[in-house]
1. State yes or no: is I76 open to solvent by less than 20 Å² (accessible area, probe 1.4 Å) and aliphatic (A, V, I, L, M)?
2. Report yes if some residue within the stretch 136-159 is acidic (D, E), surrounded by fewer than 18 Cβ atoms within 10 Å (Cβ to Cβ) and farther than 22 Å from T56 by Cβ; otherwise report no.
3. Among I76, I46, which is the only one that is touching an Asp or Glu at 6+ places or on another chain (Cβ under 6 Å) and not aromatic (F, W, Y)?
4. Considering only the stretch 100-110, I want to know if a residue exists there that is in a strand (DSSP E or B) and touching a residue at least 24 places away in the same chain (Cβ under 8 Å).
5. Which pairs do you get when a residue that is in contact (Cβ under 8 Å) with a residue 60 or more places away in the chain and assigned to a loop (DSSP other than H, G, I, E, B), found in the stretch 171-196, comes within reach of a residue that is open to solvent by 70 Å² or more (accessible area, probe 1.4 Å) and of a type in the set (S, T, Y), reach meaning Cβ atoms under 9 angstrom, with the pair 6+ apart or on two chains?
6. Can you tell me which residue is most open to solvent (accessible area, probe 1.4 Å) among those in the stretch 169-196 that are closer than 23 Å to L81 by Cβ and touching a helix residue (DSSP H, G or I) at 6+ places or on another chain (Cβ under 8 Å)?
7. Take the stretch 1-55 and flag every residue that is part of a loop (DSSP other than H, G, I, E, B), open to solvent by 40 Å² or more (accessible area, probe 1.4 Å), in contact (Cβ under 8 Å) with a residue 40 or more places away in the chain and aliphatic (A, V, I, L, M).
8. Mind checking which residues of the stretch 80-132 are open to solvent by 20 Å² or more (accessible area, probe 1.4 Å), among the hydroxyl-bearing types (S, T, Y) and farther than 22 Å from T169 by Cβ?
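The values are calculated or read from the model by the stated rules, or taken from the named source; none is laboratory data. Just so it is clear, the structure is predicted and the values come from calculations on it, not from any experiment. Neighbour counts are summed over all protein chains in view; Cβ atoms, including those assigned to glycine, are modelled from backbone coordinates with ideal geometry. Note: accessible area is taken over every heavy atom of the protein model, side chains too, but ligands, DNA and RNA are not part of it. Shrake-Rupley method; radii C 1.70, N 1.55, O 1.52, S 1.80 Å.
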Amino acid sequence: MQTIPPQGQVTLVFTDIQGSTSLWEHIPQTMRISLDVHDKILRDAIQQHGGYEVKTEGDAFMVAFACPQKALQWCIDVQLLLQKQSWPETLLRRPEASIDRDETFSGLRVRMGIHCGKPECRPDPTSGRMDYFGPMVNRAARVSGAGHGGQILLSKEVVELIDTPPEGTSYNPLGAYEFKGLKSPVELYQATHVDL
């Protein structure tokens, strides 16, 4: 069943894989296989959580949700699935995907950023799929771009709209950040989860 694209108040999630350019350069065949796994994990979870896949660009996803709580739960569930995934040994030997310094995570490292607001909504003339534009979208992209692989960053607007964070989740305030092209700072939080 096709999810109806949200309009009005929308929560956007941007994701991308940290170090993917280097991984494609050094292990293209393994990266092709790994990206297929990554895409399936994200798409299955989008369907399960009632999200709307706006578009992809390379290894980056743009996903829309009508509810910020569902967006955050989607991010947590996807990070847990990525963390538990059995990745190819060729991938795990690369520094971009080898076990991290805390010895807690290896594999594709996906950064995620969540922001909400009222974007301009209009269908893409070629695909007919809903697309989103405007300052709110720019802020959402900056929130994601500020993160590292494995991180889930949220804007203050998202934190204020979620009454109760998902079980095992807490917020770590990171402060206000000025981003190129934005006229006002964005207050960021990191979502942490007991199993991540």
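1. Values: open to solvent by less than 20 Å² (accessible area, probe 1.4 Å): yes; aliphatic (A, V, I, L, M): yes.
Yes, satisfied.
2. Looking only at the stretch 136-159, we keep the residues that are acidic (D, E), and these are 157.
With the extra rule that they be surrounded by fewer than 18 Cβ atoms within 10 Å (Cβ to Cβ), the set shrinks to none.
Taking every residue of the stretch 136-159 in turn, none turns out to be acidic (D, E), surrounded by fewer than 18 Cβ atoms within 10 Å (Cβ to Cβ) and farther than 22 Å from T56 by Cβ.
3. Numbers: I76 fails: touching an Asp or Glu at 6+ places or on another chain (Cβ under 6 Å).
Selected residue: I46, the only one of I76, I46 that is touching an Asp or Glu at 6+ places or on another chain (Cβ under 6 Å) and not aromatic (F, W, Y).
4. Pass one, the stretch 100-110, residues in a strand (DSSP E or B): 110.
Filter once more, so that each one left must be touching a residue at least 24 places away in the same chain (Cβ under 8 Å): 110.
Within the stretch 100-110, one or more residues are in a strand (DSSP E or B) and touching a residue at least 24 places away in the same chain (Cβ under 8 Å).
5. L196/T104
6. Going through the stretch 169-196, the residues closer than 23 Å to L81 by Cβ turn out to be 169-172, 189-196.
In the following step, the residues that additionally are touching a helix residue (DSSP H, G or I) at 6+ places or on another chain (Cβ under 8 Å) were identified as 169, 171, 189, 191, 193, 195-196.
Numbers: T169: 18, Y171: 59, Y189: 41, A191: 9, H193: 28, D195: 92, L196: 76 Å².
Result: D195.
7. Scanning the stretch 1-55 gives a single hit, I4.
8. Correct list: S86, T90, S98, S106, T126, S127.
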